[in-house]
1. Lys/Arg Cβ at +1, Asp/Glu Cβ at -1, dipole of the chain taken about the Cα centre: which of TYR111, GLN16, ALA179 is farthest positive-ward?
2. Mind listing the Cα extents of the chain along all three principal axes, in Å, largest one first?
3. For the chain, what is the mean residue ellipticity at 222 nm derived from helices alone (per DSSP H run of n ≥ 4: -39500 (n - 2.57); sum divided by total residues; nearest 500 deg cm²/dmol)?
4. Determine ³J(HN,Hα), in whole Hz, for all residues of region 244-249 in sequence, where each value follows from phi through the Karplus function 6.51 cos²θ - 1.76 cosθ + 1.60 and θ = phi - 60°; x replaces Gly and Pro.
5. What ³J(HN,Hα) values, in whole Hz, does the Karplus curve 6.51 cos²θ - 1.76 cosθ + 1.60 give for region 86-99 when θ = phi - 60°, with x put for Gly and Pro?
6. Quote the charge dipole size of the chain about the Cα centre in Debye, to the nearest 20; the model charges only the Cβ of Lys and Arg (+1) and of Asp and Glu (-1).
7. Using the Karplus equation 6.51 cos²θ - 1.76 cosθ + 1.60 (θ = phi - 60°), what ³J(HN,Hα) coupling, rounded to whole Hz, does each residue of region 57-72 give in order, writing x for Gly and Pro?
8. At what distance in nm do the modelled label points of GLU18 and LEU132 sit from each other, each positioned 7 Å from its Cα along Cα→Cβ?
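Every number in this text was worked out from the coordinates using simple rules, so none of it is lab data. Here the structure is a predicted model, which is why all the values come from computation and not from measurement. Here Cβ is always computed from backbone atoms with ideal geometry, including for glycine, and neighbour counts include all displayed protein chains.
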Amino acid sequence: MRKRIVAGNWKMNTSQPEGIELVKSVIEKSIVVPKAIELVIIPPFTHLSEIVKLSKGTSVKVGAQNCAEWSKGAYTGEVSAAMISSIGATHVVIGHSERREFFNEDNKMLYRKIKQAHESNLIPIYCCGEKLKERESGNFFEVVEKQISESLFELSKEQMLQVVIAYEPVWAIGTGKNATSQQAQDMHAFIRFTLAKKFGKDIADSISILYGGSCKPSNAEEIFARPDVDGGLIGGASLVADDFITIAQSF
């Protein structure tokens, strides 16, 4: 059975004291979440070490929002996967739509980041998804297929099993347009089909694919009920402990 995951991406929000209070609240309230659901908190880098300490011994895992494509060196401002792993984090987001758009990260760079994550025993949460013009032009499947093939197809089957995928319909985030649960299911099923062609059906059926398109308490239950949706990469709603926990209870 595929792992059910609800991951909270805080993005560039909260001071360290605010983040500590938020994660304490999430940990306290997480007692009502079924043990089969994996919770992952993904705070800013400045919070990581303290939040790892707070989450130790709980069911809550901690991840980083990004990592460098290099293992070490003269790369001022970068943070390596090994550094992230060394403080006890377990996950790292790779290729978020905001990283692609604002920092020009391409698929080949993201492959190198995934390799770094694997070498440091981190689980990459690899993001893919199409923009509005790509959705409206009708070539959204081709866009996502290219993102998947160029960043993941050089991995071995064993490495692929250590990847979580998050589908982000970029056109439905902050645009006033909404993706339906059927649209989410259609893309998740297509991603799984694409993986099956390369890695085989057994591998594809074992990989968790999360939905990352403005998932909130009001729509999580409908989206999570779809057969190929295995959880969510939650943005704004993860900044409110009650909302995040409600989403995690929506399976």
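1. Checking the options against the dipole of the chain, the answer is TYR111.
2. 45, 45, 35 Å, listed from the longest principal axis down.
3. When only DSSP H runs of four or more count, the value is -12000 deg cm²/dmol.
4. These are the phi-based 3J(HN,Hα) values: 4, 5, 4, 4, 5, 8 Hz.
5. 5, 9, x, 5, 10, 10, 8, 7, 10, x, 3, 4, 6, 5
6. Numbers: 29 positive and 30 negative charges, 84 e Å.
Using only the charged Cβ atoms, the result is roughly 400 debye.
7. Running phi through 6.51 cos²θ - 1.76 cosθ + 1.60 with θ = phi - 60° gives x, 10, 8, 8, 9, 10, x, 9, 8, 5, 8, 6, 8, 10, 7, 5 Hz.
8. 2.7
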